[in-house]
Amino acid sequence: MTDKNFDVVGIGNAIVDVISTSNETFLEEQELPKGGMTLVDADRARRLYAATGPTTEMSGGSAANTLAGLASLGGQGGFIGKVRDDQLGEIFRHDIRSTGIAFTTLPAEEGAPTGRCLVFVTPDAQRTMATHLGISVTLGPEDLNHELIAEARVLYLEGYLWDAEAAKQAFLEAVETAKANNTKVALSLSDPFCVERHRDSFLELIADHVELLFANEQEAKSLYLCESLEDALAQLQDHCETAVVTRSAAGSMILQDGSRFEVPAEALGEVVDSTGAGDLYAAGFLYGYTRGYPPSTSGRIGALAAGEVISHVGPRPQQNLGALLAARDLDI
């Protein structure tokens, strides 16, 4: 890829995660679909928080997690997202900058508070999320750093932000800057329910602007209203330059230039919490992709990063991923 200062610049929700252990009964009582993400207002977020047990709080947000993983591998990244000038906003700004990620978006001085995501982890390591987006949902074109985007090899868009009209416009303007500066555009579909809400506009976005698509198996099938993964893969092959479909313990499939590559999952111990698995897989894949590695090698790095993050609670790596990668012989 062209010589630029950043591997990846991501645009996404700036969120602080509030993680707790839970069970199926609690999810049913709170009417939270297991494994999905439900948007909630401030009042319901407060009530859910009051009903939970002990929590762990840490900065999150899907694209921000991906960039934290990229930085841990040794990549250079930037993030665009919106926080308030409140306590959680300061925590988020400190955490992402401490990883080495460039974050220049100024905090808002008025409006809703910094977003937070209540994450309920069941004994099978599945995560169910209730998200109050707060100020992050108001991210708009005025919050973009076009110089940062122009200096990226890849612009990475978080599908969750497509829920907000202002953020949707910001995406489209960011894509224009990317196209004008030979920056590849990547999109994460984020969540099956997100795909259901925006299927038609996602399909249009992918067809017109996206070179690299990240989806899990459920999202891919939902995108094309397919019962089988094979049917979804056949359509992805025709609509995207490169498509990555993750399948949890079954590994991942990568489609590129008419070829298919299957990559096994990577286990680094017991699965404790699946929060961030897709985000960290994307981090590893993007690290390889921006260095011109073969798709299968990029997928193996993604699997390694995902394997690390599911071995502990929280959506960001606790071990140095660069050191883990160096200890593996991936022939790169």
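The values are calculated or read from the model by the stated rules, or taken from the named source; none is laboratory data. The shown structure was predicted, so the numbers you read here are calculated from the model rather than taken from an experiment. No Cβ is skipped: glycine too gets one built from the backbone with ideal geometry, and neighbour counts run over all protein chains shown. Areas reflect the complete protein model, heavy atoms only, side chains present, ligands, DNA and RNA absent. Shrake-Rupley method; radii C 1.70, N 1.55, O 1.52, S 1.80 Å.
So, in Å, what gap is there between the alpha-carbon centers of region 219-245 and region 261-289? Rounded to whole Å, the Cα centres lie 20 Å apart. For the chain, adding -39500 (n - 2.57) for each run of n ≥ 4 DSSP H residues and dividing by the number of residues yields -12000 deg cm²/dmol at 222 nm.
If I take R0 = 30 Å and measure r between the Cβ atoms of Ala42 and Ala250 in this structure, what FRET efficiency does the formula 1/(1 + (r/R0)^6) give, to the nearest 0.05? Mind dumping the intermediate values first?
On the way: r = 38 Å, r/R0 = 1.27.
Using R0 = 30 Å, I get an efficiency of 0.20.
Using the 1.4 Å probe convention, the accessible area of the chain works out to 41 Å² per residue with neighbouring protein chains retained. Peptides 227-234, 301-308, 66-73 ordered by packing proxy, namely the average of other Cβ atoms within 10 Å per residue, highest first: 66-73, 301-308, 227-234. With each label modelled as a point 7 angstrom along the Cα→C-beta vector, the Glu204-Glu176 pair spans 1.6 nm.
At an R0 of 41 angstrom, the distance between the Cβ atoms of Glu110 and Arg260 translates into a FRET efficiency of 0.25.
Of the GluC sites (Glu not before Pro) found in region 3-69, those in coil by DSSP whose Cβ has at most 12 other Cβ atoms within 10 Å are Glu31.
For the chain, the antiparallel share of DSSP beta bridges with both residues in that region comes to about 40%. Expressed as a whole percent, the accessible area of the chain that falls on carbon and sulfur atoms is 47 (1.4 Å probe). Protection proxy ranking for 291-299, 103-111, using the average of other Cβ atoms within 10 Å per residue and placing the highest first: 291-299, 103-111.
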